[in-house]
Structure formats: structure tokens, C-alpha cells
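Chemist: This structure is in C-alpha cells; I'll ask about it shortly.
Bear in mind these aren't lab numbers, they're just calculated from the coordinates by the rules spelled out. None of the values given here were measured: they were computed from a predicted structure. All Cβ positions, glycine included, derive from the backbone under ideal geometry; neighbour counts span all protein chains shown.
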Amino acid sequence: ALGEQFLREIRPFVWRRHLDFAAVADIHSIKRQIYAHKGAKGAGATIALAGHDVKLGRGGIREIEFTAQVLQLIWGGRDPGLRDPTTLGALAALAAAGRIERRAAADLADAYVFLRNLEHRLQMVADRQTHRLPEDEAGLARIASFMGFASGEEFAAAFLGHLGRVERHYGNFFEAAPALTGTAATEAGGNLVFTGVEDDPETSATLKRMGFADPGSVAAMIRAWHHGRPRATRSARARELLTELMPGLLGAFARQFNPDQALARFDAVLTRLPAGVQMLSLFRRNPALLDRVAGILGAAPELANHLAHNAAALDGLLAGSVSQLGGAGGVDPSACLP
């Protein structure tokens, strides 16, 4: 009884009549951030059969669940009939309500059943929790037979067909956005996830490979940004931009002589800004600008301290940098000082 009462009380906070669409975009950005750092090459690239992760990989189970759940969040606050807790039930309800095309719902449902069956068989064969296809031909042939296919080629065609349809529908629901990978982050590989309250071990390992000496402090700093502790990141739009920028931002600071120190200087600047949307939007539109700012903060401690205490000086730096992007000249740090 107490549990049911709790669920009733939190229902308005889960199923909101007027959803913050920026929050949905932020969730999508986090999804793409995880996706990018698990080795995805982007829509249209060839999906490798061997070793593919049927749960987290492109066109996989998570993309189907994510699509259904986000559409439920968008429309479920006004239509209680869409609040089915199961993925297949949610897809059927969304199609019946006209919130998703019936063909798309059918494709996603068929793929979900296929991939769940495949996932279960992979775990039965391996006798452990796994979501990856075998790497070798013999292992793939065994799974193909277990799934009821006469040959590995037939299995591959069916499997890749499902992934392709899921990826296409997923892309239709969530319009293409800028790539989330920065050069240093891409080379390092692994996760860059800063949700929750504890450090993600894979993220810590990625930060270490990128060159950060104290991954725990870096992760804590970034979580504070995502939680809106600085005024500059308290708006939904600022956090959305921050999430999209994070791999590239970390990559830019990882290329400095002392990545931890350079990022800490950026934190000091960010903490004292009254708002962050304008600066983060500039970084999003001009990745080279982010590299320049990171370079200045990494190489000029006195200027970094000045910028942290003078918002007008930061505005001057950003304006000057934007005007010079693409030109032969560089940014003269002294020009930003009064």
C-alpha cells in the first residue's frame, strides 16, 4: 500500500503534461555520447557482424527502448493510455494513438523480439550475461543454427536487416546532430559518462588514457556542471549544449601540457559566468574556438585568472577569436586584458 501511494505521488513528476523538450534533447545527447564512445561510426557506416553488441550497438535493443520511452514521455502526460511499462506494449499503444507510424512500430517490434531472442541464446551458449555476437566464424555459425537459420549468410541478412531498419527509424525520430567525438577522446576510446553520483570505472579509464592525471576530480567537476551548480549551467539549454560538447571539450583540454590544470582553469571561468548558453553555443558552432580557448587557458595562467574574474574580458576573447577563425593570425592574449 505504501509503495502504491508513493507511485501515485510521483506520477505527475514522471508523466508531465508539459514536457521540457530540451530535457529530451539532453537525454538524446547522453545516448549519443555513450554511443559514440563505444566505437560507432555513424549512420550509413557498415555494421560489422562479428562481435556486434545486440543491446548497446547501433540498431540494437537500447535504441528501440529509447525510442519508445521518449515518445511515451512526450505524449504520456496527456494520454494515460500510452503509459504501458513494456516496450512492445508501448509501441502498440503509440501506434494506435497515431504517435508513431504503424510501419515503424511494426519494424521496431519485430526487431525487438528478434534481438531479445538472440540475446537470450547468446547468454545460453556462453553461460553468462553477454550481449555480443561471437568474433569467430564457428561461433557465428552456431548462433545462426540456434536461431533457426540454415546458414550463417541467412542469419547475417536477417540480423543486419533488423539493425538497419531500427537505425533508420531511430534517425527519423531524432534528427541528425553534430558528432560527439573529439580527436583525443576518439583515440582513447571507451566511455565518457558523467551521470549519477559515483565515478564510472570505464569513464575514469578513458580520462586516464586521454592524459588526465586525476580522473576522479575531473569527473566530479563535470558532474557539478551537469547538476547545475555553476549558474552558467543551470538552464536546460546550457546542460544540453554541455552534454553535446563534452567529448570535444575534454579532447581540447587533453591536448594541453597539463590537462587537469587547464580544465580547472576553465571550471573557474565557467563558475563565475552569469550564464553559459552563449559561450557554449559559440563552442558548438566553432570547434576551433574551443581549441583556442583551451590553448590559452592551458598556457597562460595569469590570463586564465583574469578571465575567471572578468566576464567582459572573456567576451572580448570570444569575439576576437571568432573574428579571426579561418584567418592567418592567432589570438593575442594581451588584447583581452584591460
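Chemist: Could you work out how far apart the two model spin labels at Ala106 and Asp214 are, taking each label as a point 7 Å from the Cα in the direction of the beta carbon, and quote it in nm?
Modeler: In this crude spin-label approximation the distance works out to 5.9 nm.
Chemist: With each label point set 7 Å from Cα along the Cα-Cβ vector, what nm distance links Thr46 and Phe146?
Modeler: Each label point lies 7 Å from its Cα, and together they span 2.6 nm.
Chemist: What FRET efficiency comes out for the pair Phe257/Arg132, r = Cβ-Cβ distance, R0 = 45 Å, nearest 0.05?
Modeler: Values: r = 39 Å, r/R0 = 0.86.
It comes out at approximately 0.70.
Chemist: Net charge within 14 Å of Asp291 by Cβ-Cβ distance, Lys/Arg positive one each and Asp/Glu negative one each, not counting Asp291 itself?
Modeler: Local net charge: +4.
Chemist: In whole percent, what relative contact order does region 195-326 give with Cα contacts below 8 Å and a gap of six or more residues?
Modeler: On the way: 146 pairs, mean separation 30.4, N = 132.
Relative contact order comes out at 23 percent.
Chemist: Moving on. Take the Cα atoms of region 195-326, build their convex hull, and give its volume per residue in Å³.
Modeler: Taking only Cα atoms, region 195-326 has a hull volume of 96 Å³ per residue.
Chemist: Mind checking region 82-161 for GluC sites (Glu not before Pro) that DSSP puts in a loop (not H, G, I, E or B) and that have at most 16 other Cβ atoms within 10 Å?
Modeler: On the way: sites: Glu101, Glu119, Glu135, Glu137, Glu153, Glu154; in loops: Glu101, Glu135.
Listed in order of number, the matching sites are Glu101, Glu135.
Chemist: By counting other Cβ atoms within 10 Å of each Cβ, how are Phe212, Phe283 ranked from fewest to most?
Modeler: On the way: Phe212 21, Phe283 24.
Ascending number of Cβ neighbours within 10 Å: Phe212, Phe283.
Chemist: Also, I was wondering about something else. With each label point set 7 Å from Cα along the Cα-Cβ vector, what nm distance links Glu198 and Ala268?
Modeler: 3.3
Chemist: Which whole-Hz ³J(HN,Hα) couplings does region 250-266 yield from phi under the Karplus relation 6.51 cos²θ - 1.76 cosθ + 1.60, θ = phi - 60°, glycine and proline marked x?
Modeler: Result, rounded to whole Hz: 5, x, 5, 6, 5, 7, 7, 4, 10, x, 4, 5, 5, 5, 5, 5, 5.
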